[in-house]
Structure formats: structure tokens, C-alpha cells
Amino acid sequence: MREPVELRRQRILAVLRSRGSARVADLAAELEVSVVTVRRDVEELERAGKLRRGHGVARSLVPAEEAGTGAAAAVATGGRPGEDSSPAIGLVVPERHSYLFETLHGARSVLEEAGMRIALHIAPAVSGGERPMVERALASGVRGLLIAPRWRGRGAEEADYGWLGALDVPTVLMERRPLPGSALHALDSVCSDHWYGVHLAVEHLVALGHRRIILAARDDSPTARAVRAAFTAIAAERTEIEDWAVTLSSPTAVPEAAERERSGAEDGGRAQSGQEQPDVLELVRGRGATAALLHGDVDALMLVQRFQEAGIRVPEDFSVVAYDDVVAALGSTPLTAVSPPKTEVGRAAAELLLHRLKPSSGGRPAPVRRIELLPDLQVRGSTMRPAGAGE
């Protein structure tokens, strides 16, 4: 899915307000668009009086050390400090995460209807990157927070529990479900039921007659860990499945080495680096697999290209279900995909936060809510009954 122009430009402004300046080439790499596209965005933002241009560089109009005040709160609406006195809600999401940017759209519509502004903060792709963004949002006077930490490893997740649990404004986690009994167990949260999403994928493949199925998944996010755990449990319980296995969808889809060491062994002792796990193509051939669930979309599209280059036709020889459904439909072979309710997660999180901001009746706080929304399955052209399977 192509990111809306206005949202991309908001992200550019957020980066500049955080860093003070950035090279156009670096912005293009971070936003995963062409240099020409970013250069055009920067020119338009300069005409609108929102930044300054240099030779190959874009600069914020507000010094980086001052960006934690009104400037940061104006990011989402494209305004300037002091333009809008309406209450603001801080929204913190990781950079370069198209999945979570869809949740932003859902949250935005709800909050704007309620007369709230969004103060959008883009957290850099480093461990603990969300904390400075949250501190900046709080310094700007936001009334509440919607947050989706990156949490590339379990250690990074647990390291955030203390300060996130101590925040003194209402906070709702999006697409994150903390460990039971942890410091964030009693924090409001809204997320997709990824167990059910995996169930839909496996059920679809089994119903078509597939009996040897693999999961090739990322291992660098809470969603990835949930998908891995769900597939392992479901595949082990399904008597129709003769053989199954789990590997990485990409050698780079793991936390950095320091984070792996801090997190310890996960996935039941499975290896944590791409070099230690079998290549997807080798696994398919070695296990005689006829279908795979692939997480996430971009990795899935790239793997389908590898299959086809190796002479494995999708879906004639091998069926594929993608997990995320952000860009799965855009492949040369549109991929059947599990589609988490991304926009609705944002809407439900915003509604939950607004509920939390209302004065409590009888002086007692409202009970904490942990909301799960069910994904659905979009059947397209990448799955079919395997050759030789009975009707």
C-alpha cells in the first residue's frame, strides 16, 4: 500500500523536528521512497513555510532541542506552534512501519471527531527509541498516549515495562500484548488476535488438502513472535498435518546481536540468526512442503519471486499465504493473505483512550480493558489444491 503524501510529509517534519536536519538521500532511504519523491516533498514543505532547504539537506525551522514543545505537538496536523489550542493526544509509532501507520489513520478519524489533535512522534529504529519520544510528547502537554513500541526482542520489551507502567497520563498500547503478570498487564491495550489469524491460514491450507506446511516468519517484533508461537501450537495439534517446520522469512528479520543476547533463547530454543536456520527454499525441497505461511508481506513477495526463479510455480506447485496484507495484493501473483484489522485497531485504541479520559463515575476508575480484534482471510490467487490431493 502506498503511503499517503500528507502522511509521508508529516513523517519528514517529525524526523526534522527530532534531529534538526537530515540529508534528502537519508530521508528517502528511511521512508523507502525515491530521492526524487522526497526532494519534491521537501520543496512543497518549504513553499508552505514548514522547513528550510539546503544543498541536498532539509532543516527544521525549530531547533531540535526545542522540538519537544509546541512544535512537536503540531506535527500531525502540519501546523505551527500556537496555531491550535485544542487538546492533543500523543501518538508514538516506529519509523518505517507501514503496518502501524494504517492504525494511525483509524485513530486520527476518531480523535478529530472528538476535537482532539494528534501529536505524532516517530521513534527511531533503536532499542529504547520510544522513551525520548514519549518524554517529548509529555513535555508538550499531551493529555494521553497511544503507543506501539517496536520491541524487536523480548529483552527490549521487558526493559520498557518500568517506565511505561509509571506514566502519569492515560496510555493505550496498540498491537502489543505485554507478558501476563508484567508491569504492563494492567495497561489498556488493543491488538489483533494473531492466534486466530494463523488459525485462518492453516485452516484454509488444510481444507485445500495441504499436509506439509512451513512457516517462514520474521523474528523481530511482538507480532512475529505471536505468529511463530501460534503456528507452532496449531500445527502440532492438527492431526491432518503430516509435517511442519518454522524458519526465518529473511536472514535480516532478527533483532540485532546485542538484543538477542539480552532476550535469551526464544521459540523453544530455535536458533536466533539467519545463518543458523535453514534457508526457506532448501526447507521446502527437503521437507517436501506444498504450502507456506509467510510473515510479513514484503518478505513474502520476495520469497515468491525466489520460488519462481527456482522453477517453483505459485500456486500451481506451491501455495502461499502472506501475513499482514499491507502490500500482498500488489504482487504479480496477488497473494492470499491474513489481514489484521489495522485501521480498526487504531479506532478502538482511540475510543478506549477517550473513554479513559472521561471523568470516572462514583470516583472509581474504569476497569482496564484488553481488547482483541479478529483478523480475516483475503483469498486471492496464490493458493490452490495440491496436485494429487483427494477431493
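The values are calculated or read from the model by the stated rules, or taken from the named source; none is laboratory data. Keep in mind that this is a model prediction, so the values were computed, not measured. FYI the Cβ positions are ideal-geometry reconstructions off the backbone, even for glycines, and counts take in every protein chain you see. Just so you know, the surface numbers come from the protein's heavy atoms only, side chains and all, with ligands and any DNA or RNA stripped out. Shrake-Rupley method; radii C 1.70, N 1.55, O 1.52, S 1.80 Å.
The share of accessible area on the chain that comes from carbon and sulfur is 50 percent, using a 1.4 angstrom probe. Judged by the mean number of other Cβ atoms found within 10 Å, the most tightly packed of the peptides 50-57, 138-145 leads the ranking 138-145, 50-57. The peptide list 152-161, 278-287, put in order of mean Cβ contacts within 10 Å with the highest first, becomes 152-161, 278-287. Compute the long axis of helix 154-165 from its Cα atoms, compare it with the longest principal axis of the Cα atoms of the chain, and write down the angle in degrees, 0 to 90, nearest 10. Relative to the chain, helix 154-165 is tipped by roughly 30 degrees. Output the 0 to 90 degree angle, nearest 10, between the alpha-carbon long axis of helix 35-47 and the longest principal axis computed from the alpha carbons of the chain. Here the helix axis deviates by roughly 20 degrees.
In order along the range 208-222, phi translates into HN-Hα couplings of 6, x, 6, 10, 10, 10, 10, 10, 10, 9, 5, 9, 10, 7, x Hz, rounded to whole numbers, per the Karplus curve 6.51 cos²θ - 1.76 cosθ + 1.60 with θ = phi - 60° and x for Gly and Pro. Residues whose amide H comes within less than 5 Å of that of Arg380, counting only those at least five positions distant or on another chain, are Thr336, Ala337 (H built at 1.01 Å from N in the peptide plane).
For Ile371, Ile118, the ranking by accessible surface with the largest value first comes to Ile371, Ile118, using a 1.4 Å probe. The accessible-area ordering, largest first, of the residues Ser127, Ser332 stands as Ser332, Ser127, per a 1.4 angstrom probe.
A 1.4 Å probe run over the protein chains yields, for the range 198-249, 31 Å² of accessible area per residue, whole-number rounding. Angle of helix 5-19 to the longest C-alpha principal axis of the chain, folded into 0 to 90 degrees and rounded to 10: 60°.
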